Structures are given as C-alpha cells and as structure tokens.
Amino acid sequence: MSAKALDSKPIVHLLKANKIATLDELKRALRTRSTMTVFRKLTSIGYLSSYSHRGKYYTIPKIAKFDQTGLWSWHSIWFSKFGNLVETAKEFVDSSMAGFTVKELEQTLHVEAQHTLLKLFQAKRIYRKKISGLYVYVAFDPTKRKSQIAMRKSSASQFEFDLSYELKALSEELKAAIILFFSLLNEKQRRLYAGLEAFKLGYGGDKKIAQLLGLDVHTVAKGRQDLFTGQIEEQRIRQEGAGRKPVEKKIRKSSKRSKNY
C-alpha cells in the first residue's frame, strides 16, 4: 500500500462510517487545519462533492450508489456522477426527450435550478425557447434541440388543460377511478403513471400522489424522473414461454391395412 493511501486512511474510515462528511469533519479526521492537505488526500483517493448544499459535503465513488439517472442522496444531500450542479443540469437537459422547464428540473434534481439554467444559457451551453408561455431549456446542439422542441410541443397540448388541477378538487368518483386504473398496471407502469400524475400537480405533487396511491414518495419521484429524462427501458410485457403454444402439425399415421395395398 502506498504512503499516500496510508495517509488517507482516516478519511476513508470516516466516510465508510458516515457515508458523507464536511470539510471540517475531514480536517478533524486528519488532525489538520489545512484545507490544502485535506484536498490533497481527497484527490489521491478520488472524491465527489455534493451538488446540493453548495457543495459542502464529500464522499468517495465506491460509497455513492447512483440510480439510473446518475443521482444519489444521503439524508437529502444530493450527489451526481456528472459532477457539480452546473454539469449535472447540462447533462439532464442534453439527454432529456423534451427539455426541462425550471420547475421540472428543480423537481428532478431536488434543488433550486433557475440561476444554474440561466448561467448555462448565457454561456451558450444550452438553449431555451418559450413554449405555451413557459421557457423550456433544451440542448444547444441544433439537431437534438429540434427533436426536443417537437416533442415538447406535441405533449404540451396534452398536459396544458390539467397542469393546475389540485388533488383536493377531485371528486371521490374520480379518485376511485384513478386508484382502480392504477391497480391494473404492472409495477413499472404504476411508477411511471404515478410520476406523470405528480408532474401534473406541480410542487408537492410527489407527496400528494404518494398519499393517494399508497406509494413511497421516492417511488413517485423516480417515476417522474424516468419519464422526463428518457430513462425508460423497453421491456417485454409477456414473459418468455408465455402465450399460446405453437401448433404442431400432426402427421397422420398410415394403417397397417393401407400398407398391404
């Protein structure tokens, strides 16, 4: 084991125990007051800083369990495999199917995103277009941008009429219908449907839909993220071997009598 690795052992032990740590906690672990010393040790082992909470928390890659969108949180402190908030926001905008409004990206990343999106737009790293009265942030690449804008316009008319409805205003009959429809879906479809309904409700939608459908709020949030980041994997609904068995053509056996002729 190298001398650098040995010197960094207190940091590794601290992060394995607590998952994340602040700069002051890392200094205490190393028994130093030097910020430069801490970052030298972190760099030697590789590290991640949170994109939430102004980047004040640190961890190491083997601790972070990123989901399929590239995010991981510990006690509501968020990390991204793409780096800081600016790079994470750009990655999400670039890879999305229909771009993001400020509200949509804030719901997805769980942090304030307006300043970050404006910064990226002003630096000409992403593009924005006003659609249905809202600014939608899309990729700067013209080809990708065109596809995202077309997708957004085609879906805007579907969402526009009910984006502002409140769960409390739903009739008992409609609530019952939603729950019945939900019960007919498979696990993946339930998550995506819950995410869609939460998106329609806007801020606080994850919690409201989770309460209505009896889901964990994180499940609803994941469904919403999957929908708007294009992370939906196509899977076969019918299991291997299911369905109607192939018809085998039966060969008519000739009788002994026929053989004699």
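The values are calculated or read from the model by the stated rules, or taken from the named source; none is laboratory data. Quick caveat: nothing in here was measured; it's all calculated off a predicted structure. Neighbour counts are summed over all protein chains in view; Cβ atoms, including those assigned to glycine, are modelled from backbone coordinates with ideal geometry.
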Filtering the stretch 180-225 down to residues that are under 22 Å from Thr88 (Cα atoms) and of a type in the set (Phe, Trp, Tyr), which residue is surrounded by the fewest Cβ atoms within 10 Å (Cβ to Cβ)? Tyr203
Going through the stretch 109-150 in order, the residues found to be over 18 Å from Tyr51 (Cβ atoms) and of a type in the set (Ser, Thr, Tyr) are Tyr127, Ser132, Tyr135, Thr143, Ser147
Tally up the residues in the stretch 180-197 that are in contact (Cβ under 8 Å) with a residue 40 or more places away in the chain and assigned to a helix (DSSP H, G or I), please. 2
Assuming Lys119 fulfils every condition listed in (1) closer than 30 Å to Ile11 by Cβ; (2) over 15 Å from the mean Cα position of the chain (by Cα); (3) modelled with pLDDT of 95 or more apart from one, which condition is it? (1)
Based on this model, can you work out whether Tyr51 counts as free of Cβ contacts under 8 Å to residues at least 60 places away in the same chain and either touching a His at 6+ places or on another chain (Cβ under 8 Å) or aromatic (Phe, Trp, Tyr) (or both)? no
For Glu104, state whether it is acidic (Asp, Glu) and surrounded by 21 or more Cβ atoms within 10 Å (Cβ to Cβ). yes
